[in-house]
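The values are calculated or read from the model by the stated rules, or taken from the named source; none is laboratory data. Quantities reported herein were computed from a predicted structural model and do not represent experimental measurements. Here the Cβ is made from the backbone with ideal geometry for all residues, glycine too, and neighbour counts use every protein chain on show. Ligands, DNA and RNA are excluded from the accessible area calculation, which covers all protein heavy atoms including side chains. Shrake-Rupley method; radii C 1.70, N 1.55, O 1.52, S 1.80 Å.
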Amino acid sequence: MNITSKEALITQKEAVQKHLDSYTCRVLICCGTGCMASGAQKIYDEMSVLCKDVEGVTIEMQKDIPHLHVAKTGCQGLCELGPLMRIEPYDYQYVKVQVEDCKEIVEKTVLQGIPVERLFYSSNNEVCPHPDDIPFLKLQTRIVLENCGKIDAESIDEYIAAGGFSALSKALFEMTPQEVIDEVSKSGLRGRGGAGFPAGKKWGQVARQPEKTRYVVCNGDEGDPGAFMDGSVMEGDPYKMIEGMILAAYAVGAQEGYIYVRAEYPLSVKRLRMAIAQAEEYGLLGDHIMGTDVSFRLHINRGAGAFVCGEGSALTASIEGNRGMPRVKPPRTVEKGLFEKPTVLNNVETYANVPNIILKGADWFRTIGTEGSPGTKTFSLTGSIENTGLIEVPMGTTLRHIIYDIGGGLKSGAAFKGVQIGGPSGGCLVEEHLDQPLDFDAVKKFDAIMGSGGLVVMDENTCMVEVARFFMSFTQRESCGKCVPCREGTKRMLEILERIVDGKGKMEDLDQLEELASMVKSMALCGLGKSAPLPVISTLKRFRKEYEEHIVDKKCRAKVCTAMRQFHINPEFCKGCGKCAKNCPVGAITGVRKKAYTINNELCIKCDTCRDNCAFDAIYVEA
């Protein structure tokens, strides 16, 4: 099929919608990476087999026979409660679905519309049958993620039925390239990859270059630990991102584009390949898009997982087949990027915002978010929080709203301690920041960056010194080594942090940490190097007392730092069985049978074997 006009797209949309409306029931199974890890593929396979046995129904591969539709969707958001399933037209949301539940779902819900109530989400004795009844989903504003969980992630037809490629049609037949750039500029859309640079300004810079060979590149690397926003978009609605890239190509006059995806995202790669092939088949990608003179081809490059390749110049170097290392600027990517040609480089979420901006207008987009950061932001919400998962909220939303209203508060009622925002290159926000708006400009005031959108919530049982050591270990290991400040500075900082958590730190170490952090931040070659010290800077500023306790008192209040733990035996509980001494690998436990044993902490290696083997809970730990 080839869509060669605006009218042909509308006709296809109406035909697909009519076909979807003819189904008496649609079973939408979340097949994002999170749910797949929980067994969603088995759920899908079981539902497919069960539905084959029902007379007159069909499964996904036989869409020409309407009745029942079993489809794979992208992330439905509630990652911790997977596998997830939605049933239309009843709008039921099932959580923690197991293979053994499938038969009952088919017999009751699919064939009779009767809900399986035990599979509904419930909290505080309140049962939530529908997605919009669940606070985690109800309180979000989904623009980038509007189709994720609602459409078949592997069907271009369903994307078209949801309004897909209408923005492209509008741009090609009603707008000039400059008008597209002007609309994106007017919207105030800022790059969602972390830096927050105005997208329209970047596109305009590329369009003005005298060199006519230009490229459009998508950064889908997403290397931050705990971040999975871009991956979820590529898995759940790859067409929207692709449409945004085509719009960028039309605006700047590019004919070639590249999507850089890390190899650890095989599902994203698979669905992107399917989406590109389908778009080419429909004439929405490739030569003479929609019958016009506009041509644009997309290629996929798989990265090997280097964190530094999330930096623009390192990413383009990797696509070129060179070692992924940043280069000195200027010239910038907009002047000499991929293959030394002007390049538009944005991340997945940025491109996914563009179709709605073109379709609904910049003024609409500016009604969401803040004056300086319009629109929404996707976040991966992880850590010590009740509801982990994927969220999208307006820019300027407070941490308190995200953590307590959407996330359901901290697990087991633990006290809030902090949030690591922006991944290993981000910073730590604490209780005093809970009511501050989250946007690009606000977080910079607190020694942090928005980053790609990872939020790791930490409770009172978290050691902030260990948090700083963990993230510094990551950034030091991922340093490309090209510039001395990052290569050597992060290594020295890591050595100091390791000394402190091992109970061997000195007070002068804190001064050295601050000095090194300042040096790396100001002198590193690329943005990743400059932001590498932020976790140390923010934790030193807000949790200096914890650092001092580690150094002076040799104490970790969270009882996390192994070297500082002291193991003791409570004589009131000890029965003198000797099992702990028998299993101690270093002979640190001594005593006489039927009398209380003792532990020599000078010999103890903190392996915790004694506690694992004590049947009487007689062994306890002091920080």
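Mean residue ellipticity at 222 nm from the helices of the chain, using -39,500 (n - 2.57) per DSSP H segment of n ≥ 4 over the full residue count, to the nearest 500 deg cm²/dmol?
My calculation for the chain gives -10500 deg cm²/dmol from helical runs alone.
Which percent of the accessible area of segment 11-54 is formed by carbon and sulfur heavy atoms (probe 1.4 angstrom)?
53 percent
With no solvent and one equal point scatterer per Cα, compute the Debye intensity ratio I(q)/I(0) for segment 170-235 at 0.13, 0.16, 0.18 Å⁻¹ and report its log10, rounded to two decimals.
Summing over Cα pairs of segment 170-235 leads to -0.50, -0.72, -0.86.
Quickly work out the Asn583-to-Lys170 label distance, labels modelled 7 Å from Cα along the C-beta direction, and quote it in nm with one decimal.
6.5 nm
Let's test this: bin the Cα-Cα distances of segment 455-535 at 10 Å from zero up to the farthest pair and state each bin's percent.
Over segment 455-535, the share of Cα pairs per 10 Å bin runs 19, 51, 27, 3 percent.
May I ask you to give the percent of accessible area on segment 195-266 that is carbon plus sulfur, with a probe radius of 1.4 Å?
Roughly 53 percent, rounded to a whole number.
Pull out the extension gain between Lys186 and Ala563, defined as 0.36 nm times the separation in residues minus the alpha carbon to alpha carbon distance; nm, one decimal.
Result: 130.2 nm gained on full extension.
Return the FRET efficiency for the residue pair Glu495, Trp364: r is the Cβ-Cβ distance, R0 is 51 Å, and the value is rounded to the nearest 0.05. Display every interim value, and only then the final one.
Numbers: r = 52 Å, r/R0 = 1.02.
According to the calculation, E is roughly 0.50.
Can you find, among Asn387, Ala277, Leu68, the residue sitting farthest towards the positive end of the charge dipole of the chain, where Lys and Arg contribute +1 and Asp and Glu -1 at Cβ?
Farthest towards the positive end: Asn387.
Using heavy-atom solvent-accessible surface (probe 1.4 Å) with all chains present, what is the largest-first order of Arg208, Arg190? All intermediate terms of the calculation are to be shown ahead of the outcome.
Numbers: Arg208 170, Arg190 30 Å².
Largest accessible area first, the list is Arg208, Arg190.
Does segment 200-354 come out rounded, prolate or oblate, given a ≥ b ≥ c as the square roots of the eigenvalues of its C-alpha gyration tensor, rounded meaning a/c under 1.5 and, failing that, prolate meaning a/b above b/c?
Oblate shape, in that a/c is at least 1.5 and b/c is the bigger or equal ratio.
Measuring from label point to label point, each 7 Å out along Cα→Cβ, what is the Arg332 to Gln436 span in nm?
Here the answer is 2.6 nm between the modelled labels.
Can you work out the base-10 log of I(q)/I(0) for segment 357-486 at q = 0.10, 0.21 1/Å, using the Debye formula on its C-alpha atoms alone?
-0.36, -1.22
For the pair Phe197 and Cys604, what calculated FRET efficiency results from E = 1/(1 + (r/R0)^6), where r is the Cβ-Cβ distance and R0 = 45 Å, to the nearest 0.05?
It comes to 0.30.
For segment 563-568, take each phi angle, set θ = phi - 60°, evaluate the Karplus expression 6.51 cos²θ - 1.76 cosθ + 1.60, and give the result in whole Hz per residue in order, putting x for glycine and proline.
Along segment 563-568, the couplings run 4, 9, 7, 10, 9, 9 Hz.
Find the percent of Cα-Cα distances in segment 263-342 that exceed 16 Å, and round it to a whole number. Numbers along the way, then the final one.
Working: 1958 of 3160 pairs.
It works out to 62 percent of all Cα pairs.
For the pairs Lys444/Lys541; Lys202/Lys377; Lys42/Lys240; Lys270/Lys377; Lys13/Lys150; Lys72/Lys150, flag any whose C-alpha to C-alpha distance is greater than 18 Å.
From Lys444/Lys541; Lys202/Lys377; Lys42/Lys240; Lys270/Lys377; Lys13/Lys150; Lys72/Lys150, over 18 Å: Lys202/Lys377; Lys42/Lys240; Lys270/Lys377.
Given the chain, what whole percent of its Cα pairs are spread farther than 44 Å?
Details: 53586 of 193753 pairs.
Above the 44 Å cut-off, the chain has 28 percent of its Cα pairs.
Taking H placed 1.01 Å from N in the peptide plane, check which residues at least 5 places from Glu335 or on another chain put their amide H under 5 Å from its amide H.
Thr343
Assign one of three labels to segment 1-157, namely rounded, prolate or oblate, based on the Cα gyration tensor with a ≥ b ≥ c the square roots of its eigenvalues; rounded applies when a/c is under 1.5, prolate when it is not and a/b is larger than b/c, and oblate otherwise.
Oblate.
Averaged per residue, what accessible area in Å² does the chain show with a 1.4 Å probe, protein chains only?
Result: 41 Å² of accessible area for each residue.
Which cross-chain or sequence-distant (5 or more) residues have an amide H under 5 Å from the amide H of Asn347, H modelled 1.01 Å from N in plane?
When sequence neighbours closer than 5 places are left aside, the close amide H contacts are Arg192, Gly193, Asn219.
State the percentage of accessible surface on segment 411-560 attributable to carbon and sulfur atoms; use a 1.4 Å probe and exclude ligands, DNA and RNA. Write out the running numbers ahead of the final one.
Details: 2990 of 6060 Å².
Taking all protein chains in place, segment 411-560 shows 49 percent carbon and sulfur surface.
Using only the Cα atoms of segment 334-397, build the gyration tensor, take square roots of its eigenvalues as a ≥ b ≥ c, and label the shape rounded, prolate or oblate: rounded if a/c is under 1.5, else prolate if a/b is larger than b/c, else oblate.
Note, shape of segment 334-397 comes out oblate.
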